[in-house]
Amino acid sequence: MPYKAISDIGEFGLISRLSKLVEPTLAEAPSLVKGIGDDCAVYRLSETLMQVATTDLLAEEVHFDLLFTPLRHLGSKCISVNVSDICAMNALPTYALVSLAIPPSFSVEMVEELYRGMSHAASGYGLAIAGGDTSSSRSGLVITISMTGETAKERLTMRSGAKPGDLICVTGTLGGAAAGLKMLMREKNIMLDHLSNNEPYSKSLMADLQEYSDAIRRQLLPAARLDTIRLFHASGVTPSAMIDISDGISSDLGHLCRCSDTGALIHERAIPVNTQAREIADELQEDALAWALSGGEDYELLFTLPKEQAAFLAGNRDISVIGEITEKEKGVLLSDIYGMTLSLDDLGGYDHFRT
């Protein structure tokens with residue numbers, strides 16, 4: 001029997017197949033509310049309290065490049081991307097476990113610098129790093145973070161609760177992280193070209209990048225939107241569905257709609273494209289909207305809200321209404337500035353096995 005390449009089915013096709021294989025184990029976990037298929041797994045701690053749990057793996061040369069990623073920044077980002085998953089469940093983070101596979105080129109001081117970034121971020125989010133594991137690596141650095149959080153039963157938000165007519169909202173601005181990565185990669189390639197041609201390259205890799213500092217910060221030091229979750233809790237507002245934007249709206253909105261069995265219509269004019277992403281796109285003659293839709297790594301929150309709760313949005317400049325949930329048969333669509341509609345499925349998002 002011929003083997004199938006993972007690239008033939010992609011990351012999410014692989015997850016779907018693996019989900020079927022582990023399905024029989026779910027009968028052994030009566031307190032499990034949600035398994036594979038959301039930002040976190042959900043467990044029932046009591047009649048009123050839910051625990052959410054997530055894990056994330058970051059591998060050198062896949063998720064990060066140490067030529068332009070300071071170790072302290074990397075440590076902070078590892079924590080933030082997991083907190084973002086906790087936030088997507090409308091929960092607050094509690095504990096983290098850190099596992100490292102460390103290459104022989106690393107010194108004790110380098111590992112300590114990585115942990116300084118993790119500790120600083122964890123303190124800012126109010127969570128404890130409670131343990132983990134270490135191993136050697138024969139290739140690059142590999143980091144795995146596992147994290148738990150808690151939320152009240154009535155506040156728990158999953159991808160599956162959106163209903164036709166709900167507003168589609170997003171926090172912050174989009175496309176900045178992708179733009180930052182573009183500039184970092186450009187400078188790295190300039191440096192490598194000089195070195196390969198035996199030409200001097202005396203300046204720092206970051207020397208010419210100060211004017212792009214906002215976009216670069218969004219790539220290297222993203223911040224999970226715990227502030228938005230605290231605002232939800234303080235205001236008594238619970239989104240009907242939510243997901244964090246790790247792969248781009250075009251992909252993540254599709255996940256939310258598939259879980260909710262709905263369609264969606266979003267409007268290009270309403271998408272909050274990061275200002276510096278627009279400037280960088282103009283300089284590179286690329287499309288900032290494409291970065292906002294498919295670039296990923298923004299770690300903003302994409303959520304839906306019943307229209308009767310729309311008053312919550314009044315005056316909040318950090319949340320944009322970008323569209324509306326529709327019936328499933330209408331598909332997941334983008335209306336452009338010319339009034340034409342196109343399928344977001346055609347735009348795609350980040351896929352580890354198809355990139």
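Laboratory data are not the source of any read-out in this text; all were calculated from the coordinates shown. From a predicted model like this one, the values you see are computed outputs, not experimental measurements. No Cβ is skipped: glycine too gets one built from the backbone with ideal geometry, and neighbour counts run over all protein chains shown.
Structure summary
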item	result
Along principal axes, Cα extents of the range 31-155, largest first, whole Å	49, 27, 23
Aspartates and glutamates with Cα under 16 Å of Lys163, excluding same-chain neighbours fewer than 8 positions away	Asp261, Glu308, Glu324, Glu327, Glu329
Hull volume in cubic angstrom per residue (convex hull over the Cα atoms of the range 207-335)	119 Å³
Least to most buried among Val62, Val42, Val111 (fewest other Cβ within 10 Å first)	Val62, Val111, Val42
Cβ-based exposure ranking for Thr238, Thr69, in which fewest neighbours within 10 Å come first	Thr69, Thr238
Descending Cα extents along the principal axes, the range 10-73, whole Å	47, 30, 15
Burial order of peptide ranges 16-22, 151-157, 307-313, 81-87 (average beta-carbon count within 10 Å, highest first)	81-87, 151-157, 307-313, 16-22
Equivalent ellipsoid, the range 105-193 (semi-axes from 5 times Cα gyration tensor eigenvalues, Å)	34, 25, 13
D_trans [Stokes-Einstein, Kirkwood Rh over alpha-carbon pairs] for the chain, 4 °C, 1.567 mPa s, µm² s⁻¹	60 µm²/s
Check: the chain dipole with +1 on Lys, Arg Cβ and -1 on Asp, Glu Cβ, in debye	720 debye
Cut-off 19 Å, label 7 Å out along Cα→Cβ of Val22, residues of the range 45-62 by amide N	45, 51-59
Under 19 Å from Lys77, Cα to Cα: lysines that are on another chain or at least 8 residues apart	Lys182
Contact order normalised by residue count of the chain, Cα under 8 Å, 6+ apart, percent	22 percent
